[in-house]
Number of protein chains: 2
Amino acid sequence: MIQFNPQDFIPQLSIDSVIFGYKQKKLHVLISELDFGKHVYTLPGGFIKQNQSIDEAALTILNERTGVKDIFLEQFKVFGSSDRKNYEISEIFSTINSSEIAKSLAINKVWLSQRFISIGYYALVDINSSQANPKSWFPIDKLPELIMDHKEIVTEALIALRRNLDEKLIGFNLLPETFTMRNLQELYEAVYEKPFARNNFQKKMLSLGVLERLEKQYTGAANKAPYLYRFKTEK
Amino acid sequence: MIQFNPQDFIPQLSIDSVIFGYKQKKLHVLISELDFGKHVYTLPGGFIKQNQSIDEAALTILNERTGVKDIFLEQFKVFGSSDRKNYEISEIFSTINSSEIAKSLAINKVWLSQRFISIGYYALVDINSSQANPKSWFPIDKLPELIMDHKEIVTEALIALRRNLDEKLIGFNLLPETFTMRNLQELYEAVYEKPFARNNFQKKMLSLGVLERLEKQYTGAANKAPYLYRFKTEK
């Protein structure tokens, strides 16, 4: 375990990341499981080094957990209620006495039991290109009980994801290079957790002006084949 | 001057508020002028007390500066580059030796010269209902030179304001209870700093579903009179 020196970090400020993954037409969330004897489920998070920007800190956390680089990662909200303290972790610390984990974490007990303001980031990644343990991806409607306000952080991240999906679609890099309108609709339906009418969806997507229509997908039955699309490359 | 006790506050974390005001069909920004012998222009900002939520801290700053209460105030971005330090204030401290201000601020010199991560909030207020010194409102295209990255904070706040204007229109409380489509268009034109085509604008505004059409405005010339509108009251 890496030695943690509190003086290297900004005090009372943390980052919590909601890393959405898209798999089997369903939205998932990357969850960390900490084993202190008692199991605790948390969002992947961390702290900000004194010589590191907040965006660098968030990217470092994402890289370490998923192996994914060059991903679109965005701040969406700061969680800063006045009583935002990690009572559960403090309680766990007080019940573990002599394990190796307890010893290595003990120096941080005072530091960690302060009030923390947390900057929420979210990302949306292709689970297939992630190196995270597949068991760490939970379907969004089957999340385990999370510590502190982490459930609320997920809820707020989902609101931000939906609000920005049209605009940030390309950056998320979730679809193969060419895809059908149906592939795109399935992605939207996963994010919004509801079905869309096919004609309206197609009309809306085309009106965004970001799609380029290519040849029809080869299926053998030419007249039923759907068109393929790709994202326009200009910014 | 109020005694400042660093231990009452979250270290290395500040709030900077971009308070937009609407006056004479033009967008303005509330700017603080600090006089240390040398004049320095900054956004209204402050720090977060240990027992205060970040939203409470931001509201307190807004109240103190403008006398405006119950206003819509929203986080929009955290500014957290690794070299974000107030070099100008540090420099000014080093040049003032014996004034009363220097003495009262001297205890904060070390505290203030640390790296600060700043949470940006923005608000849009009716300048007429604000008690701020009218001279503190600068037209957005005639801002003085601001310290640190405060100009960038204004730019980012304007992006957020434009992005959210449709959705937050009612909350901003900028128009009288009843208003004409022209009044509304002037507000949009001030925020976007560009003209809109009248017909398209009206169509778009009506499609938002937040306006209720009332009787025509009394002008004496009935057939030319514009309709009055108000915001629907359901949430």
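Every condition in (1) on the phi > 0 side of the Ramachandran plot; (2) in contact with a strand residue (DSSP E or B) (Cβ under 8 Å, 6 or more places away or on another chain) holds for A:Y22 except the one numbered (1). Scanning segment B:193-200 turns up at least one residue that is over 20 Å from B:Q24 (Cα atoms) and not in a helix (DSSP H, G or I).
For B:R162, the conditions (1) surrounded by fewer than 16 Cβ atoms within 10 Å (Cβ to Cβ); (2) over 30 Å from B:I119 (Cα atoms) all hold with the exception of (2). I'm checking my understanding of the structure. Among residues of segment B:46-60 that are under 15 Å from A:V78 (Cβ atoms) and assigned to a strand (DSSP E or B), which one is farthest from the other protein chains (Cβ to nearest Cβ)? Of everything passing the filter in segment B:46-60, B:F47 is farthest from the other protein chains (Cβ to nearest Cβ). Selection of segment B:94-144 for residues being assigned to a strand (DSSP E or B), of a type in the set (D, E, K, R) and modelled with pLDDT of 85 or more yields only B:R115. Among the candidates A:E177, A:E212, the residue that is open to solvent by 60 Å² or more (accessible area, probe 1.4 Å), touching a residue at least 12 places away in the same chain (Cβ under 8 Å) and in a loop (DSSP other than H, G, I, E, B) is uniquely A:E177.
Of everything listed in (1) open to solvent by less than 10 Å² (accessible area, probe 1.4 Å); (2) touching a helix residue (DSSP H, G or I) at 6+ places or on another chain (Cβ under 8 Å), the single unmet condition for B:A57 is (2). Residues that are of a type in the set (V, I, T) and more than 14 Å from every other protein chain (Cβ to nearest Cβ) do not occur anywhere in segment B:75-84.
Looking only at segment B:61-93, residues that are among the basic types (K, R) and in a loop (DSSP other than H, G, I, E, B) come to 2 in all.
Taking the numbered list (1) open to solvent by 60 Å² or more (accessible area, probe 1.4 Å); (2) under 30 Å from A:F76 (Cβ atoms) in turn, B:N200 passes all entries but (2).
Among the residues making up segment B:61-75, those that are closer than 27 Å to A:F79 by Cβ and either surrounded by fewer than 17 Cβ atoms within 10 Å (Cβ to Cβ) or in contact with a Leu (Cβ under 8 Å, 6 or more places away or on another chain) (or both) are B:L62, B:N63, B:E64, B:R65, B:T66, B:V68, B:K69, B:D70, B:I71, B:F72, B:L73.
Within segment A:1-32, the set of residues being in contact with a Leu (Cβ under 9 Å, 6 or more places away or on another chain), crowded, with 19+ Cβ neighbours inside 10 Å and among the small types (G, A, S) comprises A:S17, A:G21.
There is no residue in segment A:145-153 that is touching a Pro at 6+ places or on another chain (Cβ under 9 Å), assigned by TED's automatic domain parsing to the domain that holds A:G46 and not in a strand (DSSP E or B).
The values are calculated or read from the model by the stated rules, or taken from the named source; none is laboratory data. The structure displayed is predicted, hence computed values, not measured ones. Please note: Cβ atoms are built from the backbone with ideal geometry, for glycine as well, and neighbour counts cover all protein chains shown. Just so you know, the surface numbers come from the protein's heavy atoms only, side chains and all, with ligands and any DNA or RNA stripped out. Shrake-Rupley method; radii C 1.70, N 1.55, O 1.52, S 1.80 Å.
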